[in-house]
Each structure stands twice: as C-alpha cells, then as structure tokens.
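This report concerns only the one structure given below.
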Amino acid sequence: MIGTVLWCLFLAAGLTWEVTCRTGRRRRPGLGATVAALSVSLPGRICLFVVWAFVGVHLFTRYTVPNGWV
Amino acid sequence: MALQTGRGRRRWGTVLGAVAGSAVAWIAAGVAPFTGRAYVVLAAVVVVTCVWSARPGGLLRLRLSGARTEQGSGRDGPGGGRERVVGPAPEPAPEPDRTSEGRPATRDVVPWLVLAAAAVVLETVGLALGGRSATVPTLSTTVDHLMAFRGSRFALFLLWLGAWWVPAVRAERRASSTPGGLR
C-alpha cells in the first residue's frame, strides 16, 4: 500500500514540476528538454531506444493482470 | 506551391501514422500476455521502429552532436522536442539556465534526477521484496492494475508508441529542412 502511495506521489511530483517548468516566471527545462539533452549524442539516443523497447516488452508482453486476462 | 505540397504530404503522413499506430495498438491490446503472438507483435513494432530510425535520415542517423541545439523555452520531448539543429554557429551569450552547449544547466535537472533516483530506490526495494509485495509493489506491478482492461492497454500502448515516434518524426522533419542536419 505504502509503495503504491509513493508511486502516486512520485507521479504527482513529476507532473507538478513539469507544470512549474512550463508556467513559472523563470522557465526551467522540463522533462522533454532534459531527455532531449540526452538525445544529442548517438549513444544517448541508442540508450533511449533500448529503454523504450525494454519498457514496451516489459509492459505489454509480460504483464500479469490481477484478476485474470480480460 | 512546392511548400504547400510538402506540408500536405506531411499532414497526410501524420494522419496515416496516427491511424496505423492506433490499429497496431488495438491489435496489441487484444493479445494475451506471455504468448507467442504477444512477443511477435511487440518484436515487430520494435524491429520496424529500429529499422525506420536507423535508415538514412532517421533519428538514429541524425547528426546532432557537435551542433548547437536550441530548446524552445525548455519545452517538449525527447529526440529534440522543439530542439532544433542550427549548426556550429558562433556562440552567443548563453541564457541564464543553459550551458554554452545549449543543454539545460545541471542545477535545473536536479529535481528530475532526484525523482529518478527515488524511483530506482523504490523499484529496488520492491524487487527485493519479491516484486509483488502488497506493501511495496514494483512499478510494473502497480501498472498491471491498468492492464485489466483492453481500453487502458490500448491507451498505454499508444502512449508508449508516441513516446518514441512523435519526437523522432519531429526531429527528422526539422533536420531534413536544415542543411547539414543529416549524416
């Protein structure tokens, strides 16, 4: 339970910071700009691709639905 | 005239891409996990994305390193978002929150790094407790609850597809309209 609450808090914190970055008086780099900085170099882009592919495989082929597959 | 044709082609490309992406997402959302079909569908998507991005002019072949990039007001997505290849131009005075390479200043990305580190710690604790602990579940176990419905699986799959394809296509289009943007 506490873990689920923490995950939700992390999500809320990320969203709040992203909104602050985009609407605050002093514009700060949001998540997009931060990831874009990673993608300037080829190794960075390859890392992003590997992470993207891993997330896809992990989420969509290996998930276990709590109450059985619908 | 030629410009209008190019814009029309891009618009149609965007529409076709959205339709194709939605179709793939709907098919993938209807496949049971841990089955051969699930692995085939995912592998096909990853391979097509890899081949598309590795082709000449694709995101993985763009020459972004060594060129200064601009990120409009710190907005937008990976692969560039609004990042623009402007070539090795003479360096103007850096903005207050940018380094001289046009990257975000370290202090400005600290909140994201802290958040990422906290997520890694929580994920590690969740894995150490077996992955499906009721007290501290892993992120994927938490997300699994969304996977109970085909609609939410479809939405998540679209989100995942868009996370790579949208910024990649934007970056490719920007680079193709910038001399020297392609390798």
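Data for the structure
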| read-out | value |
| --- | --- |
| Residues satisfying the stated conditions in the stretch A:3-25, i.e. more than 7 Å from every other protein chain (Cβ to nearest Cβ) and not small (Gly, Ala, Ser) | A:5, A:8, A:9, A:11, A:15, A:16, A:18, A:19, A:20, A:23, A:25 |
| Odd one out for residue A:54, checked against (1) at the interface with chain B (Cβ under 7 Å from one of its Cβ atoms); (2) under 26 Å from residue B:63 (Cα atoms); (3) within 14 Å of the chain's Cα centre (by Cα) | (1) |
| Unique match (being over 30 Å from residue B:61 (Cα atoms), over 20 Å from the mean Cα position of the chain (by Cα) and either of a type in the set (A, V, I, L, M) or modelled with pLDDT under 80 (or both)) among B:115, B:127 | B:127 |
| Positions within the stretch B:27-46 being closer than 15 Å to residue B:162 by Cβ and at pLDDT below 95, in sequence order | B:28, B:29 |
| Output for the stretch B:112-121, where each listed residue is within 18 Å of residue A:59 (Cα to Cα) and crowded, with 16+ Cβ neighbours inside 10 Å | B:119 |
| Subset of the stretch B:115-131 (residues that are within 9 Å of another protein chain (Cβ to nearest Cβ) and in a helix (DSSP H, G or I)) | B:115, B:118, B:119, B:122, B:125, B:126 |
| Total residues in the stretch B:133-183, condition touching a residue at least 60 places away in the same chain (Cβ under 8 Å), in a loop (DSSP other than H, G, I, E, B) and either under 18 Å from residue B:54 (Cβ atoms) or in contact with a Leu (Cβ under 9 Å, 6 or more places away or on another chain) (or both) | 2 |
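The values are calculated or read from the model by the stated rules, or taken from the named source; none is laboratory data. Only a predicted model underlies this, so the values are computations on that prediction, with no experimental measurement involved. Every residue, glycine among them, receives a Cβ derived from its backbone with ideal geometry; neighbour counts consider all protein chains shown.
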